[in-house]
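Notes for the one structure printed next.
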Amino acid sequence: MKVGENAPDFTLKDGNGNDWKLSEQKGKTVVLLFYPGDDTPVCTKQMCSVRDNWADYQATGATVIGISTDSAASHKGFAEKHDLPLTLLADETGKVVEKYAVKSWLPNRSARSVVVIDKTGAVRYHKTEAVSLFRPKDDDILAAIAQANLV
């Protein structure tokens, strides 16, 4: 997947078992935060950082989504435990991880990646952390959203 290409469509379950469809987000900037797993130290820090900077994310008007290969039930517990405001989606089969080329070296996990999709459905930012021990910086994500919003 390359910047400028159309983002592949997908449907995944959220923590409440409801379908979430990328195709229903046309006209909005969408941020996909792929992370290896719920309740792991770095992933928890990453998602809590998003929570702590939520007002800044909301100010962009973007829809911010977390995606991992954990189950919807796991996401529900993780979100409740840490009071996470963003929707978490379950990619239990890894099909979306594969479509977005964000597979981890860990079996059945995604790499820690950020994908920003503009209002037309094109990928405007795609970055995967080389080492999953490092989380993306909120300022970098917010800058990528600002760039995508210019389209």
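Readers should treat all values here as calculations from the given coordinates under stated rules, not as data from a laboratory. It should be emphasised that the depicted structure is a prediction, and the values quoted were computed from it without experimental measurement. Because the Cβ atoms are built from the backbone with ideal geometry, glycine has one as well, and the counts that use them run over all protein chains shown.
Could you let me know the centre-to-centre spacing of the range 1-70 and the range 83-118, using Cα atoms, in angstrom?
The two parts, judged by their Cα centres, are 8 Å apart.
Checking the a/c ratio against 1.5 first, then a/b against b/c, what shape does the Cα gyration tensor give for the range 10-76? Mind showing how you got there, number by number?
Details: a/c = 2.17, a/b = 1.09, b/c = 1.99.
In terms of gyration-tensor shape, oblate.
Please report the antiparallel percentage of the DSSP beta bridges confined to the range 1-78, to the nearest 5. Please list the in-between numbers first.
On the way: 3 of 8 bridges.
Counting DSSP beta bridges with both partners in the range 1-78, the antiparallel share is about 40 percent.
Cα to Cα, under 16 Å, and not fewer than 8 places away if on the same chain: which lysines meet these conditions relative to residue 2?
Counting by Cα, and skipping residues close in sequence, residue 2 has these lysines nearby: 99, 103, 127.
Treating the beta-carbon of each Lys and Arg as +1 and of each Asp and Glu as -1, no other charges, what is the dipole magnitude of the range 11-149 about its Cα centre, to the nearest 20 debye? Walk me through the numbers on the way to the answer.
Details: 18 positive and 18 negative charges, 74 e Å.
Dipole magnitude for the range 11-149 comes out near 360 debye.
Aspartates and glutamates near residue 119 by alpha-carbon distance under 18 Å, same-chain residues fewer than 8 away left out - which ones?
Candidates past the 8-residue exclusion: 5, 9, 24.
Checking a compactness column here: for the chain, what do you get for Rg(Cα) / (2.2 N^0.38 Å), N being the number of residues?
Working: Rg = 13.8 Å, N = 151, 2.2 N^0.38 = 14.8 Å.
The chain yields a ratio of 0.93.
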